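Data first, discussion second: the structure below is written as structure tokens.
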Amino acid sequence: MNARLGAGEVSALLSQRMDVLARELLPGGRKNGPEWMCGSVAGEKGRSLAVHLSGSKAGVWADFSTGESGDALDLVAACLTAGDTKEALKWAKNWLGVGNGDEVAIRRAHLVKEKAVRDDKQDEIDGRKRALAMWLGAEPSIGNTPVEFYLKHRGINLRALERAPRCLRFAPGHYCNETGRRYPAMLTAISDLGGTHIATHQTWLDQDADGNWIKARLDCPKKIRGRFVGGAIRLRKGEDGKSLKDADPEKPVLIGEGIETCLSVAVACPEMRILAAASLSNMASIALPPQVKRVTLLADNDEKPEARRGLERAIDAHLAAGREVRIARSPRGKDFNDVLK
């Protein structure tokens, strides 16, 4: 047997020690539940980049500002070798203390990979079930609830529309790992192209000293339950009232990142079809029906390099799909919600 540890095997072995590896590669981060969070692959404080530390997704990471993602070996390459996988492989083998001919390590890595594939499929199924149960367990009407008061405090008066988006719900009390207490929460359904609920977006709410409902003062006041890549939060159907899969090919689809930004545009332009991607990276991945040929990206006024790269990635992805792409920016402030506020 000509045994050799390849990239897949090394990545599987690294994933077993992610709790140690993440701290070494990203020293400015902090643990948040099952994840290690920091600002970027440079390892500074922040919450744009998240690495799974355990379970079937151990080693899987994503930078939601840039759209970069990968496995444990990819993280080594991004942090230490400027993307050079060959050099990252050498570093990782040395860090693990294994050689090319370590058959025991190879067998162990194969077993880890096989189990991870099985667990990953089951985790996706279970995650969707939990996300749907969370959303169904919330109150379907947000009228006269902290959700309505929170949005109104941000200048978003949904009563100006004929009805509030059905994807929004109110949960009286959702547990937060960060503080060990429960908060009211705004829940939003994320659906795939066919309309199937695949994830639930959660925003914890709290009151300020004046009694106004605001986003809870947490390091991570928002969380998405379930895998949402390709999905969308359907905030507005537009004047034709058709489902997304039957969208009018003559009408543009407006796509933004945040819920509050997109709701602000919905109040101002109720005739438009508006989707929230829930993350900058998902603006490039969001699934649209083939007849949609025009999109308008609701871009934040953010000049950070990672934000610019994320927007450029979204533009390129929609152009590659044969769509006309336009960019809309708020005339003042960071985003369109700042105009209402």
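Annotations
- With helices as the sole contributors, the chain gives -10500 deg cm²/dmol at 222 nm; each DSSP H run of n ≥ 4 counts as -39500 (n - 2.57), and the sum is divided by every residue.
- Cα gyration tensor shape for region 272-328, rounded if a/c is under 1.5, else prolate or oblate: prolate
- For region 1-99, a simple Cβ point-charge model (Lys and Arg +1, Asp and Glu -1, everything else neutral) yields a dipole of about 240 debye relative to the Cα centre.
- Based on protein heavy atoms only, the chain ends up with 48 Å² per residue of surface accessible to a 1.4 Å probe.
- Sites GLU324 and GLU139 - FRET efficiency at Förster radius 45 Å, r taken between beta-carbons, to 0.05: 0.70
- Take 65-73, 121-129 and order them by the average number of nearby Cβ atoms within 10 Å per residue, most first; the result is 65-73, 121-129.
- Among GLY29, LEU340, CYS167 the positive-end extreme of the charge dipole of the chain (Cβ point charges): CYS167
- Charge-dipole axis of region 171-278 as Lys and Arg at +1 and Asp and Glu at -1 on Cβ define it, positive-most pick from THR179, GLY241, ALA209: THR179
- Proximal lysines to LYS222, defined as alpha-carbon separation beneath 26 angstrom and excluding residues fewer than eight positions away on the same chain: LYS31, LYS45, LYS57, LYS121, LYS129, LYS152, LYS237, LYS304, LYS334, LYS341
- Share of carbon and sulfur in the accessible area of region 164-224 stands at 42%, probe radius 1.4 Å.
- Mean sequence separation of contacting Cα pairs (under 8 Å, at least six apart), scaled by the length of region 156-305, corresponds to a relative contact order of 21 percent.
- Cα shape, region 112-217, gyration tensor, a/c 1.5 rule: oblate
- Burial order of peptide ranges 45-54, 134-143 (average beta-carbon count within 10 Å, highest first): 45-54, 134-143
- Mean Cα-pair separation over length for the chain, i.e. relative contact order, pairs under 8 Å, 6 or more apart, %: 13 percent
- Gyration tensor (alpha-carbon) shape descriptor, region 242-341, a/c threshold 1.5: oblate
- For the Cα trace of region 193-250, dividing Rg by the Kirkwood Rh returns an Rg/Rh value of 1.14.
The values are calculated or read from the model by the stated rules, or taken from the named source; none is laboratory data. Here the structure is a predicted model, which is why all the values come from computation and not from measurement. For neighbour counting, all protein chains shown are included, and Cβ atoms are generated from backbone atoms with ideal geometry for every residue, glycine included. These area figures cover heavy atoms from the full protein model, side chains too; ligands, DNA and RNA do not enter into them. Shrake-Rupley method; radii C 1.70, N 1.55, O 1.52, S 1.80 Å.
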